[in-house]
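The values are calculated or read from the model by the stated rules, or taken from the named source; none is laboratory data. This structure is a prediction, so every number in the text was calculated from the model and none was measured. In this analysis, Cβ positions are derived from the backbone assuming ideal geometry, glycine residues included, and neighbour counts consider all displayed protein chains. When the accessible area is computed, the model is the full protein with side chains, heavy atoms only, and any ligands, DNA or RNA have been set aside. Shrake-Rupley method; radii C 1.70, N 1.55, O 1.52, S 1.80 Å.
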Amino acid sequence: LDNVFARHERAAEATRRCVRHWGLDIQCRIPAQASSTVTAVRMPEGHSADALRAEILKRSNTSLGNGLGQLNDKVFRIGHVGDFNDTAVVGVLASVEMGMAVCGVPHRAGGVDAAMGYLRGNAN
């Protein structure tokens, strides 16, 4: 069980590093309280999380969680639980980065590289 929890935390940290590289905000503003099960990513003002999620689903068959309640259409959620290995982490993040480019969401390219750098340096 410790290995499972560690795998989830690695995936979460790789995801957070990627999101920060993109220049987007993570909904959880206190890093020590960030979840190792899901990362909610805030969309830049004027951009639709739901439109981005739909484009990513259409292009890469990757399903992201939606924002709930007041966060509806303002965030998308990336889960990192279950059998979510390094390849899955990189694949999801690449799908998001490509989707943002297609949808015109402002971001700094190369977030996937930031995630891979973390995963390489923290191999199981």
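Which pairs turn up if I take residues in the range 57-76 that are within 19 Å of Ala101 (Cβ to Cβ) and among the aromatic types (Phe, Trp, Tyr) and look for partners that are in a helix (DSSP H, G or I) and open to solvent by less than 80 Å² (accessible area, probe 1.4 Å) with beta carbon separation below 9 Å, at least 6 apart in sequence or on another chain?
Phe76/Ala49; Phe76/Asp50; Phe76/Leu52; Phe76/Arg53; Phe76/Ile56; Phe76/Val96
Only one of Gly104, Gly111 is crowded, with 16+ Cβ neighbours inside 10 Å and farther than 29 Å from Leu1 by Cβ; which?
The match here is Gly111.
With respect to Thr15, determine if the residue is assigned to a loop (DSSP other than H, G, I, E, B), polar (S, T, N, Q) and closer than 17 Å to Arg77 by Cβ.
no
For the range 64-94, which residues satisfy the criterion of being modelled with pLDDT of 95 or more, of a type outside the set (A, V, I, L, M), in contact with a Leu (Cβ under 8 Å, 6 or more places away or on another chain) and surrounded by fewer than 20 Cβ atoms within 10 Å (Cβ to Cβ)?
Arg77, the sole residue that qualifies.
Only residues that are part of a helix (DSSP H, G or I) and small (Gly, Ala, Ser): list them for the range 38-54, please.
Ala49, Ala51, Ala54
Out of the range 28-37, which residues are open to solvent by 60 Å² or more (accessible area, probe 1.4 Å) and in a loop (DSSP other than H, G, I, E, B)?
Arg29, Ile30, Thr37
Among (1) within 17 Å of Gly82 (Cα to Cα); (2) open to solvent by less than 60 Å² (accessible area, probe 1.4 Å); (3) not β-branched (Val, Ile, Thr), where does Glu9 come up short?
(2)
Filter the range 59-71 down to the residues that are in a loop (DSSP other than H, G, I, E, B) and out of contact with any helix residue (DSSP H, G or I) (no Cβ under 8 Å at 6 or more places or on another chain), then identify the one that is nearest to Arg42 (Cα to Cα).
Looking at residues that are in a loop (DSSP other than H, G, I, E, B) and out of contact with any helix residue (DSSP H, G or I) (no Cβ under 8 Å at 6 or more places or on another chain), I get Leu68.
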